[in-house]
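Input: a single structure, listed below in structure tokens.
The values are calculated or read from the model by the stated rules, or taken from the named source; none is laboratory data. Owing to the predicted nature of the structure, the values given are computational and were not obtained by experimental measurement. A quick note on method: Cβ atoms are made from the backbone with ideal geometry, for glycine too, and the neighbour counts reach across all protein chains shown. SASA here: full protein model, heavy atoms, side chains in, ligands and nucleic acids out. Shrake-Rupley method; radii C 1.70, N 1.55, O 1.52, S 1.80 Å.
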Amino acid sequence: MGKIVSNRDFTDRRVYREVVGKGDELRARSMGRVRSVVFHPDVNVCVGIMVHRPDAALMFHRSDAFVALDRLSFDDKDIIVDIREDSVGKKAAERLGIDLDTCVIWTGLAVVTKDRERLGYVGQVNFDLE
């Protein structure tokens, strides 16, 4: 068994993307902050995170970006995304063989019994990072 983590370990952490800077050296550029953890629709496996990107020019809304879990590395408090193109967005989803529209974000979902009695909402999801 690997390292057990929670969605709360990810939420609101800063995310940086590796980019090629001057002289072909790698540097980190800010992507945004983690909004949620994304799970596979059929298998109880974490596949990635959704990153809330800041508005462009403080005026134009930008949609959240999907980042594949297998292309993340962790700094002290930050998350670094691999430089490869298939680490983010539709290319990452295609590489993983998933449809983002059917993936599940467990946090905030209603918990109900078979008799449709409301018990509350999902607040914390624990999973194995590996």
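Of the residues examined, D42 is not one that is under 16 Å from F127 (Cα atoms), within 12 Å of the chain's Cα centre (by Cα) and outside any strand (DSSP E or B).
If you take the residues in the range 60-70 that are open to solvent by 30 Å² or more (accessible area, probe 1.4 Å) and in contact with a strand residue (DSSP E or B) (Cβ under 9 Å, 6 or more places away or on another chain), which one is nearest to N126 (Cα to Cα)?
Out of the qualifying residues, it is D70.
Taking the condition of being over 11 Å from A92 (Cβ atoms) and of a type outside the set (D, E, K, R), how many residues in the range 44-71 meet it?
14
For T113, the conditions (1) within 21 Å of G2 (Cβ to Cβ); (2) among the β-branched types (V, I, T); (3) free of Cβ contacts under 8 Å to residues at least 12 places away in the same chain are fulfilled apart from (1). Pairs meeting the criteria (first residue in the range 5-20 and closer than 14 Å to R71 by Cβ, second residue basic (K, R) and surrounded by 13 or more Cβ atoms within 10 Å (Cβ to Cβ), beta carbons under 8 Å, at least 6 apart or on different chains) are V15/R33. Here the range 1-13 is the region considered, the condition is being open to solvent by less than 60 Å² (accessible area, probe 1.4 Å) and in contact with a strand residue (DSSP E or B) (Cβ under 6 Å, 6 or more places away or on another chain), and the residue that is farthest from L129 (Cα to Cα) is R13.
Of all residues in the range 14-59, those that are closer than 20 Å to D128 by Cα and either out of contact with any Phe, Trp or Tyr (no Cβ under 9 Å at 6 or more places or on another chain) or surrounded by fewer than 10 Cβ atoms within 10 Å (Cβ to Cβ) (or both) total 5.
Say we look at the range 73-106 and pick out the residues that are open to solvent by less than 90 Å² (accessible area, probe 1.4 Å) and among the charged types (D, E, K, R); which of these is nearest to N7 (Cα to Cα)? Only one residue fits best here, namely D78.
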